[in-house]
Structure formats: C-alpha cells, structure tokens
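Peer 1: Mind having a look at this structure? Questions to follow.
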Amino acid sequence: MQQSVDYLSDLDKRKAIFHFALEGDALRAIELTEQLSPALLEQNEDLHFDLLGLHFVELVCSKKCTEALEFAQAKLTPFGKIQKNVEKLEDFMALLAYEEPEKSPMFHLLGSEYRQSIADNLNRAVLALFPWTMAAHANLPAYSSMERLIQQATVTRHYLHQELGKDGPPPFSLQAFLKS
C-alpha cells in the first residue's frame, strides 16, 4: 500500500515538474526534480544545461539582460567545456544582441516547441527513475496513443506549413485545437 501512496505522490511531483518546465519556470522544475531525485540532473548534464538555458531565455524575454548575463556567468559557463554546449551558449548569447529576441535568428529558443522538447526530456528522465510506474509494470509504450497522435499531427502540420507556406495549414497547436 505504501508503494501506491509513493506512486501518487511522485506522480503529482512529476506532473508539477513537467508543468513548470513547459511554462518556462525552469528553476522551479529544477528545484522539484532535485527534491524527487537529487542525482538526476547531476547524472544528466545535458538536461540540466537545457533547463538552465531555458531559464536564461526567459530572463532575456523578460528584458532582464543584466540578470541574464549574471546567470549565464554563474550557471551556464561551467558547461562550456563541452563543444556542443559552447554552440548552444553562443545561440543563447545571440539573443542578447536583439531588442526583440523573437525576431532574431535564434527565435526557435523562445518557442513553445523548444520548451515542450525540454519538458518531454525531463519527464522521460524522471519516469526512468521509478521502476514501479504503471508503464513499467504493464510493459506499456513510453507514449500513449494520444501522445503519439498529437506528435504525428504536429510534425505533419509543421512540414505542410513549411512546404506550402501561407497556402497550407498553420502549424498544429494543441491549445488552438482545443479552443476550436
């Protein structure tokens, strides 16, 4: 019985972690992740770097450039020893050069797709921690049928939009779909 109580508690934490990452509150997502599993982000440095980068992007979007620079020096610089991180750091820093970062060549870092990707990666890492999850017990796939369908619709609409431009359908947005 204790296991199911733990499972429900962990499920609530996992949902909150995912929600915070998706909404761009990366520091809160990091805090909850460390409460759930202190070693997770230490063991997955790429994910930790992505979450910190997400916070940096949110600071830039909020026009807190000085705070963003200080944050980058304190938290992101240590990750600069790895070449792939150097490239990401350069992309993050490029956002500071624009008064309107959403019009920069790095605008993709500001989008919901970028946050979704990081939130999904974090969610998978958290799920991998707990062997007692229902998916592990039932040998279920990592994604539900609905998640897979939404992923396919998103990719299809994205490619159609790229190929057909204004004549094609707009990129898929679950939020817009649910409103219609």
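We did not get these values from a lab; they are worked out from the coordinates using the rules stated. What you are looking at is a predicted structure, and each value in this text was computed from that prediction instead of being measured. Neighbour counts run over all protein chains shown; Cβ positions are idealised from the backbone, glycine included.
Peer 1: When the chain is modelled as a GNM with alpha-carbon springs shorter than 10 Å, which of Q152, Q43, Q73 fluctuates the most?
Peer 2: Among Q152, Q43, Q73, the largest GNM mean-square fluctuation belongs to Q152.
Peer 1: A further question on this structure: Obtain the nm distance between the two label points defined at E42 and A94 by a simple spin-label model: each point lies 7 Å from its Cα along the Cα-to-C-beta direction.
Peer 2: According to this spin-label approximation, the distance is 3.5 nm.
Peer 1: Ranked highest first by average number of other Cβ atoms within 10 Å, how do 45-53, 28-36 line up?
Peer 2: Working: 45-53: 20.0, 28-36: 18.2.
Highest mean packing first, the order is 45-53, 28-36.
Peer 1: If you take the square roots of the eigenvalues of the alpha-carbon gyration tensor of the range 34-87 and sort them as a ≥ b ≥ c, do you get rounded (a/c under 1.5), prolate (a/b over b/c) or oblate?
Peer 2: On the way: a/c = 2.33, a/b = 1.42, b/c = 1.64.
Here the range 34-87 falls in the oblate category.
Peer 1: Then there's this: Between D25 and Y159, what's the calculated FRET efficiency when r is the beta-carbon distance and R0 is 30 Å? Round to 0.05.
Peer 2: Details: r = 31 Å, r/R0 = 1.02.
My answer for the efficiency is 0.45.
Peer 1: Points 7 angstrom from Cα along the Cβ direction at A16 and E147: gap in nanometres?
Peer 2: The answer from the label model is 2.1 nm.
Peer 1: For K81, list the aspartates and glutamates whose Cα falls under 14 Å from its own Cα; do not include residues on the same chain fewer than 8 positions away.
Peer 2: Qualifying aspartates and glutamates at Cα under 14 Å: E45, D46, E90.
Peer 1: Strictly over 24 Å apart at the Cα level, which of K64/K84; K63/K88; K64/K103 would you flag in this model? Write out the running numbers ahead of the final one.
Peer 2: Details: K64/K84 26 Å; K63/K88 20 Å; K64/K103 17 Å.
In this structure, K64/K84 lie more than 24 Å apart at Cα.
Peer 1: Another one. Could you state the principal axis extents of the C-alpha atoms in the range 2-139, from the largest down, to the nearest angstrom?
Peer 2: 52, 27, 25
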